[in-house]
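> I am attaching a structure below and will ask some questions about it afterwards.
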Amino acid sequence: MATPQGAPEPLLRFCGSLRELKFVSGAPSLGDLKRRMPSRPAASTLSPLLAGKIRRAPRWELVRELVAACQEHATAVGIDLPEDLGSVPVWRRRHDELVRTLDGAAPRQAPGELGELLRLTASGQPPTLGELTDTDLGVAPRLPGADAGYIARGDFDEEMRSMLALEGPPHPFALAYGEDRAGKTRSAVEALRAEFAAGTPVLIPHTVAAVSRLRSHAETLDRLPTPVVLWLDDLTEADLERLTPELLEWLSGWAVTAGTISARRCGAILEATGPNGAVARAALSTACLVHLPLELDEAERAEAAWHFAGGAVPRSFAEVAEASQPREMLLRLNTARSANPVGVAVVRAAVDCRRAGLDRGLTRDELLRLLPPYLTALGARRATRDAFEQGLAWARDPVVGGRALLSDTAEDGWQAAPELVREADSGPVPGFLWPELLDLATPEEALDIGYQAGRRDAPVYAAAAFTKAMEDEENRPVALLWLAKAKWLLGANIGAKDAFRQLIETGDAEHRAQAALELGALLKYEGDIEGAEEAWRLAAADGDVKRVAPQARYQLATMLATERPHREEDFEALFREVATSGHADLAPRSWTLLAGLYQDRGDLLGALEAWERAAEWDHAEATEVMEAMVPDLHQRILELAEVHHGGPAPRTAGELVEQADRLGELGDWTGALAAYGAAADCEDPELRARALLGTARILQGQGHIGQACEACEAVAECGVPDHAAKALLELGVMLDEAGDVPGAYRAWSRAVETGAAEEADIAALNLGVLEVGRGRADAAEPAFRRAVRSPNQRIRAKAALNLAVLHEEYGAEADTVDAWYRTAIETEDPEFMPQAAIALGGRLIGRGLRAEPKRLLEMAIGAGDPGEKARATMFLGAVHDLDDDVDRAAALYRRAIELKHPDHSVEAQLYFGKLCLRTHRDDAARWHLRAALDAGHAEHSPEAGLLLAQIHQGYGELDEAELLLAQLVETGHEEVAPEAGELLGDVLAGSGRIEEARRVWAWVAAQGREPNAGTARARLAELGD
């Protein structure tokens, strides 16, 4: 281990002052600082700077931006910074002094005995990290019913590990703090094992007092391999009093110091005043304190369900996301859970209500109403009125610095401190809060609650909130617009379209335009191109010229460019309108698209002019594309000039074809067509065919399909097999796309007859697909058999896959179908092999086989196609699920979810939720089913919602069940809606709302889906008249 070169004191002092600035400015998070800094530095840049883990003076530009960001945050939260910390000129002088004076000497060494101070192995050396057991490091025995696995603590793990990973010297001093039994030691040890190699020496002093005596053993310690970890578990105030600034500075030169301290001790030390405990306070202020909440959040509980027998995870509430809050408030809240659970619950309820969109204060009665689920999550008893008043008084008591966690409002209520709300904004709002909040909110207040529910991926509650908000006439149009959006997210597309159209009919111009803009997007999503165009043209006509109108025209233009490419004049005109609209984002984007359009058309000068117009906006994405495209465009213009004027004019047909090919490559379609046309007049069939084929391809690219088809026919008449096959293949494609199936059939049949290798094989494959579409399996099979003999593995794979599907559909022998699937698999084609492997695996599973299907699915996973990888991973998880291999199934479902596929990852969430439900891991089931529901998938989300509603109903959470079931009924899903209606009727009847239940059951009966319709009729018969 090498001693540090040069003394770190100047750097430590400078970084310590920056850390103090961050603290006194309201302790903004690193994310908040980055957002306020123009250069957007990475966390890996800011963390070492603030922790003092740098080797040289930081750049002045970085320091200046950091100081300005702290100033901005302080202003936002109402803090006046002292002159010595908040002045940029003062920091400039400090930085200049640091640069001038950065220098020092290495620490002195002294010999001595080490065994009296540290735990050593039999060989007289400190143990390595790999040699130490959990017990050696102070980890408590695992909880009853829990396995030995580690429950990842997302935020803590990330922050603690990033601190430990900082390079030195100076090395970090990181402490985990939290409530007793929160798992501080275990989580900190896991962080050490994650960041350091098993051979890392670990110094475990017999007492903290022994640490200071290590100075006399510097020479011995210097011989240890680096890095070294100094482990200080369960620190007390007395221990910290021994960690003087000088000692910590010396330690930082050669050891990573890590440990734990209880939140109670930490809070007591930091809140104390006076000379007593000053050294301990200084030590804590030097440390990087990382908080470990006692409660698991929803994601952690979903993971924990797999580490407890039977999934019996202790219930907890969704903790406000750990954030870098103002230090005094953070410590007061985090250290009071055991001593004052009612006060903590009151504060958390108030914080969550603000985050959920309720801007006013909460009355005593409202706070009392919201407390029970928070107390249950904390494991505390129900609060009496006296306990509530004591908790409220604690929350209103100012902390160090004069700010309280709760403050009075003018309406005789209480609000959480804005700092707590702002810093906790990224965390989830507990699901149990939404129904209660909607019940106590007014229709006017419900609008903001709906906004927040939508923002926090809770579309069910968003829809309920906007429905209530519509009762306020003033906000009705806005609420109706957002209700339609929420219904779309929930898959209730019919209801969403009805709501958009209702607003178009009844709203003012602004709301009509916004509704038409959203309706167009929904209709485009459903494939109704004409309907989307009509809606977007309405939005463009009624919308404001600076925002909605450009958006509508841009979306319409992009749709027409992809779905109706023959309407080039229409979408070019739309892009031009947007380009000249002044819209800061869409105008430069439109200029870039116009540049590409002109370039494809061969108008290179027009493209260059469009790029220049795009450059005027200084738009980041447009600039990036322009930097890649414009130099090539300039080069093409120069090369075109050389082709046209740099030499003698071509005289022979061959020279004309060569010139046309070159002009085509450079994008001069007009010049290329002229040269091809001149060459096509020659008598040489080879050159004539080449010229006509080049002409056909240019005309096809320009959308002149009729002329392109004529050129292809002319190529075929030249009698050159290779060129004829290419032309006839393209001719068939164009005729097929135009709806001329007989013409396409004739063209591809002629292409097959040419015998040209690859083109004839592709044509045969296309003929097979065409015959399948016409319902002529007997004619399709010979075509596919012709294609499957191709030496091209891709053609062979697709043909074999089609033969397998064809034979399977028409009931062929199992061995025949399997053989064709195996043929497709043997090609190893990255697209068709996974499809065949998954299909064959499914067939074999149906016969009770397991080994080969699993191998096939693993092949599909490793093929590289993202969609098939996600599908195969989910499918393999389902196979293990079917075999009751719960742990393997869970691992595969997690992998499928992590792939973030829009279909298969949502399906994996659904299947994982079912698995959790079946294995009595209800908390985890809620998490995964909620994720599947909120994904807004047309097929899987309604089923997930139904299962989630049944969980709510089973736990007696009837308000949540009712909200969810009502939204599922609105989706109109063929299977889920009737079943949801049946259950909704049960919930309504159970709460005494008989007439509402009667209406719902009557609707279910009218749908005619059994057994739900029969059950609904029976329920109605029981009610009588």
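> Just the number, please: percent antiparallel of the DSSP beta bridges in segment 129-311, rounded to the nearest 5.
On the way: 1 of 18 bridges.
So the antiparallel bridges amount to about 5 percent of the total.
> Given a Förster distance of 30 Å, report the FRET efficiency between D80 and S338 from their Cβ-Cβ distance, rounded to the nearest 0.05.
0.30
> Could you sort the peptides 756-769, 234-247 by per-residue average Cβ neighbour count (10 Å cutoff), highest mean leading?
The most tightly packed comes first, giving 756-769, 234-247.
> Can you check what the net charge comes to around L519, using other residues whose Cβ is under 14 Å from the Cβ of L519 (Lys, Arg +1; Asp, Glu -1)?
Value of the local net charge: -2.
> I've got another one for you. How much length is gained on full extension from E996 to E717, taking 0.36 nm per residue of separation minus their Cα-Cα distance? Don't jump to the answer; show the numbers that get you there.
Values: separation 279, 0.36 × 279 = 100.44 nm, distance 7.48 nm.
So the chain would gain 93.0 nm between E996 and E717.
> Can you pull the one-decimal nm distance between simple spin-label points at L224 and D439, each 7 Å off the Cα toward Cβ?
5.9 nm
> Right, something else. Against the longest principal axis of the chain, how steep is helix 851-861, in degrees 0 to 90 to the nearest 10, with axes from Cα atoms?
90 degrees
> Please give the net charge around K34, taking every other residue with its beta carbon less than 11 angstrom from that of K34, where Lys and Arg add +1 and Asp and Glu add -1.
Net local charge, K34 excluded: +1.
> Once you put a point 7 Å from the Cα of A573 and another 7 Å from the Cα of L605, both along the Cβ direction, what distance in nm separates them?
2.6 nm
> Mind ordering 175-184, 815-824 by average Cβ neighbours within 10 Å, highest first?
Values: 175-184: 22.3, 815-824: 18.6.
Answer by packing, highest mean first, reads 175-184, 815-824.
> Kindly rank 706-715, 624-633 from highest to lowest mean number of other beta carbons found within 10 Å of each residue. Write down the numbers at each step before the final one.
Working: 706-715: 20.0, 624-633: 14.1.
Per-residue Cβ counts within 10 Å, averaged per peptide and sorted highest first, yield 706-715, 624-633.
> Still on this structure, please answer the following. Could you give the length gained by full extension between R381 and T409, i.e. 0.36 nm per residue of separation minus their alpha carbon distance, to one decimal place?
Stretched out fully, the R381 to T409 stretch lengthens by 7.2 nm.
> Normalised by the residues of the chain, what does the relative contact order come to in percent, with Cα pairs under 8 Å and at least six apart?
Rounded, it is 6 percent for the chain.
> According to the square roots a ≥ b ≥ c of the eigenvalues of the Cα gyration tensor, what is the shape class of segment 442-507, taking rounded for a/c under 1.5, prolate for a/b larger than b/c otherwise, and oblate for the remainder? Walk me through the numbers on the way to the answer.
Details: a/c = 2.33, a/b = 1.06, b/c = 2.20.
Oblate.
> Using 1/(1 + (r/R0)^6) with R0 = 30 angstrom and r between the beta carbons of A272 and H206, what's the FRET efficiency to the nearest 0.05?
So the FRET efficiency works out to roughly 0.65.
> Local charge sum around T670 (other residues, Cβ-Cβ under 11 Å, Lys/Arg +1, Asp/Glu -1)?
Summing Lys/Arg as +1 and Asp/Glu as -1 gives -1.
> Just tell me which lysines come within less than 20 Å, Cα to Cα, of K726; anything on the same chain fewer than 8 places away is out.
K726 reaches K798.
Throughout, read-outs are computed from the coordinates displayed, never taken from laboratory work. Keep in mind it's a predicted model, so treat the numbers as computed, not measured. Backbone-built Cβ (ideal geometry, glycine too); neighbour counts: all protein chains shown.
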